[in-house]
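Below is one structure, written out as structure tokens, with a few remarks after it.
Read-outs throughout are calculated quantities, based only on the coordinates presented, and are distinct from any laboratory measurement. On a predicted model such as this, the values are computed, not experimentally measured, just so you know. Cβ placement follows ideal geometry from the backbone for every residue including glycine, while neighbour counts extend to all protein chains displayed.
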Amino acid sequence: MSDAIKIPRVPPPMAMLAELTHRCPLACPYCSNPTELTGADEELSTAEWISVFRQAAALGVLHVHLSGGEPAARGDLVELTRAAATLGLYTNLITSGLGLTEARVNSLADAGLEHVQLSIQGVSPESADRIGGYGGGYNRKIAVAGWVANAGMPLTINAVCHRLNMDEIEAMIELAIGLKARRIEVATVQFHGWAERNKAALLPTREQAEQATRTVAEARERYRGTLVIDYVPADYHSKYPKACMGGWGRIGMNVTPSGRVLPCHAAETIPSLSFETVRESSLAKIWYEGGAFNAYRGEDWMPELCRNCERKAVDFGGCRCQAMALAGDASATDPVCIRSPLRDDLTLEANAFSVASQADFIYRGRASKT
Ligand code: SF4
Ligand code: FES
């Protein structure tokens, strides 16, 4: 590895999503991980991850999100957490809760884990376990939330919403309060990776999306000071795209289980990009000089429509992976944007999908990768 890094004309990253593994006991139909998963035999070793954390801290990263798959599937999770915390990184565990025991939660707290983000799929065992494709998952998650609270760690509930549970948002918010969470993220499903296959079953209707926005607004008023509610609306029914990743190569990076460094978790869906790994280059060199990171930084890549638009500083032209998926061109204006020439087609598609008769889920397969 060479230490000679040219730029830096961009600021250092603030956050790193460390996808420790793709292994996961759940089979969620909305999984945004790639359709081809990384096998356990390709994962970075403990020493390699600790080296990544050391490089991240030196680069200026403040937050490390320990994610997956299910990060608890890594037998060295406590060791990795301790290493990251010792380096001064703020550690957040993004987990389904499955694979955690009370003793392991306490060990993670002792190792310096600062925050837990726990996913829920619904507000009853029946609906949640059906969506997650894992019997007994709901009750386990409730137990994990209690252990996290007892260990004194702040808890965020992550609720991915879609057509089947969108009408339960209020109940999910109440559940989060009951679980002593300080924050809930109500995030409408994004159609990346595996989720794309389940669009016909998961895309909410326009009415559901509008009601969800009202429900969240009312709940924010009602629970002000008690619970912070983050909200990712249904972008297929929105006027403008989201500022995906806070702008490409601007704030954060993802490291996959085998060490590929990506500007976002779905970036591998853009075939023109190639990605370096921490096994062949340094994190700093990849961040500042990597071709994939520089492909959509700043404004030079933008189509004229975005370059001349006052919202470019708000949404950075939207989501590159969504432009790839819907327009077949990652440098196109995100088709969610009301100014995109493709927006009318997307509206027709969204309306058609969201009134489609209920399709069965295609569950995320897991057998070959555990
Ligand atoms: Fe955002 Fe581009 Fe649409 Fe403007 S034209 S709102 S920058 S996506
Ligand atoms: Fe890749 Fe939005 S998911 S830029």
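For Cys264, the residues whose amide H sits under 5 Å from its own are Asn254, ignoring neighbours fewer than 5 places away on the same chain, with H placed 1.01 Å from N. Derived value for segment 91-196: Kirkwood hydrodynamic radius 14.0 Å. Basis is the mean of 1/r over every pair of different alpha-carbon atoms. Short-range pairs are left out: with C-alpha atoms under 8 Å and at least six residues apart, the relative contact order of the chain is 21 percent.
With +1 on each Lys and Arg Cβ and -1 on each Asp and Glu Cβ, and nothing else charged, work out how big the dipole of the chain is about its Cα centre, in Debye to the nearest 20. All intermediate terms of the calculation are to be shown ahead of the outcome.
Numbers: 37 positive and 42 negative charges, 99 e Å.
Roughly 480 debye, rounded to the nearest 20.
For the chain, the mean projected area of the C-alpha convex hull, equal to one quarter of the hull surface, is 17.7 nm². A cut-off of 5 Å between modelled amide H atoms, ignoring neighbours fewer than 5 places along the same chain, links Cys31 with Ala195.
Quick check on packing: order 68-74, 170-176 by the mean number of other C-beta atoms within 10 Å, highest mean leading.
Values: 68-74: 23.9, 170-176: 20.0.
Packing order, densest peptide first, comes out as 68-74, 170-176.
Only Lys, Arg, Asp and Glu count, each charged at its Cβ (+1, +1, -1, -1), so figure out the dipole size of segment 275-361 about its Cα centre, rounded to 20 debye. Please list the in-between numbers first.
On the way: 9 positive and 14 negative charges, 49 e Å.
Its charge dipole is roughly 240 debye.
Counting only other residues whose beta carbon sits under 12 Å from that of Val355, what net charge do I get with K and R as +1, D and E as -1? Could you put the intermediate results ahead of the total?
Working: positive: Arg163, Arg206; negative: Glu207, Glu349.
After counting each charged neighbour, the total is 0.
Exposure proxy shown here: for Phe275, Phe293, the number of other Cβ atoms within 10 Å sets the order, fewest to most, as Phe275, Phe293. For the chain, lysine pairs separated by 8 or more sequence positions, or belonging to different chains, with Cα-Cα distances below 20 Å total 6. Per-peptide packing, taken as the mean over residues of other Cβ atoms within 10 Å, places 261-267, 345-351 in the sequence 261-267, 345-351 from highest down. Put +1 on the Cβ of each Lys and Arg and -1 on the Cβ of each Asp and Glu in the chain; which of His237, Trp194, Met324 then has its Cα farthest toward the positive end of the dipole? It is His237. First select every other residue whose beta carbon is under 12 angstrom from the beta carbon of Tyr240; then total the charges, Lys and Arg +1, Asp and Glu -1. Taking every Cβ under 12 Å from that of Tyr240, the sum is +2.
Please compute the Cα-Cα pair-distance distribution of segment 229-283 with 5 Å bins starting at 0, giving whole percents from short to long. That works out to 4, 16, 22, 21, 17, 9, 7, 4, 1, in percent per bin.
Placing unit charges on the Cβ atoms of the charged side chains and taking the dipole of the chain about its Cα centre, the candidate lying farthest along the positive direction among Cys31, Gly152, Ile286 is Gly152.
Packing order of peptides 330-338, 242-250, 298-306, highest average first: 330-338, 242-250, 298-306 (average count of other Cβ atoms within 10 Å over each peptide's residues).
For segment 223-356, the spread of Cα positions along the three principal axes, ordered from largest to smallest, is 47, 43, 34 Å. The spread of Cα positions in segment 276-355, taken along each principal axis and listed from longest to shortest, comes to 47, 30, 18 Å.
In plain terms, the chain from Arg311 to Glu196 could stretch by 38.7 nm, reckoned as 0.36 nm per residue minus the Cα-Cα distance. Mind checking which of Trp301, Val228, Thr333 is farthest towards the positive end of segment 216-354's charge dipole, using Cβ charges of +1 (Lys, Arg) and -1 (Asp, Glu) about the Cα centre? It is Val228.
Here the dipole of segment 208-292 is about 220 debye; that uses its Cα centre as origin and unit charges on the Cβ of Lys and Arg (positive) and Asp and Glu (negative).
Cβ crowding within 10 Å ranks Asp41, Asp76 as Asp41, Asp76, fewest other Cβ atoms first.
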